[in-house]
1. Restricting to segment 76-99, and then to whatever is within 13 Å of MET13 (Cβ to Cβ) and of a type outside the set (A, V, I, L, M), can you tell me which residue is surrounded by the fewest Cβ atoms within 10 Å (Cβ to Cβ)?
2. How do the pairs read when you match residues in segment 24-45 that are touching a residue at least 60 places away in the same chain (Cβ under 8 Å) and over 15 Å from LEU9 (Cβ atoms) with residues anywhere that are surrounded by 14 or more Cβ atoms within 10 Å (Cβ to Cβ) and of a type in the set (Lys, Arg), using Cβ under 6 Å and keeping only pairs 6 or more apart or on different chains?
3. Could you please find all residues in segment 11-29 being modelled with pLDDT of 95 or more and among the hydroxyl-bearing types (Ser, Thr, Tyr)?
4. Failed condition for ILE52, given (1) more than 10 Å from the chain's Cα centre (by Cα); (2) at pLDDT 95 or above, with all others met?
Amino acid sequence: MNETKWNELRRAMCKLGQASPKWRILDVQSDHLSGWDSEWFYHFPLGGYKTIRWVEIAVDSAAQRKILLDLLVPMHVPGEQTDIGFRIFGYGELGAAISYL
């Protein structure tokens, strides 16, 4: 996913204010999985977006899931719904198809 799309995602999550969800990132180079964070404005873009394999977004309720889905679908981001919430892909696995929300 390109920087423009990552910034679009970040801005949308920031606009949710106190309702913004927690997130964590898996790094494509180191396979490091970050801890959960809820700060989208400063923390999310730290280090840039080039090494994000995926960002996982956790939801607290069915209502929050619907709010996020309503934001993510028009963005047409590569991702999927999970038990936790959503996973947005920066990179896909070689030879694997990627779905879009």
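The values are calculated or read from the model by the stated rules, or taken from the named source; none is laboratory data. All of these numbers come straight from a predicted model, not from anything done at the bench. Glycine gets a Cβ as well: all are built from the backbone with ideal geometry, and neighbour counts include every protein chain shown.
1. The initial filter retains those residues of segment 76-99 that are within 13 Å of MET13 (Cβ to Cβ), namely 77, 85-86, 88.
Right, trim to of a type outside the set (A, V, I, L, M) and you get 85-86.
Working: GLY85: 18, PHE86: 22.
Once the filter is applied, the top-ranked residue is GLY85.
2. Listed pairs, sorted by first residue: VAL28/ARG53.
3. none
4. All conditions pass for ILE52, except number (1).
Residues checked against (1) of a type in the set (Gly, Ala, Ser); (2) crowded, with 19+ Cβ neighbours inside 10 Å:
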| residue | (1), (2) |
| --- | --- |
| ASN7 | no, no |
| GLN18 | no, no |
| TRP23 | no, yes |
| GLY35 | yes, no |
| GLU39 | no, no |
| HIS43 | no, no |
| GLU56 | no, yes |
| ASP60 | no, no |
| PRO74 | no, no |
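A quick yes/no check of all residues on (1) in a loop (DSSP other than H, G, I, E, B); (2) more than 21 Å from GLU93 (Cα to Cα):
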{"site": "ARG10", "(1), (2)": "no, yes"}
{"site": "MET13", "(1), (2)": "no, yes"}
{"site": "LEU26", "(1), (2)": "no, no"}
{"site": "TRP40", "(1), (2)": "yes, yes"}
{"site": "ARG53", "(1), (2)": "no, no"}
{"site": "ARG65", "(1), (2)": "no, yes"}
{"site": "LEU72", "(1), (2)": "no, yes"}
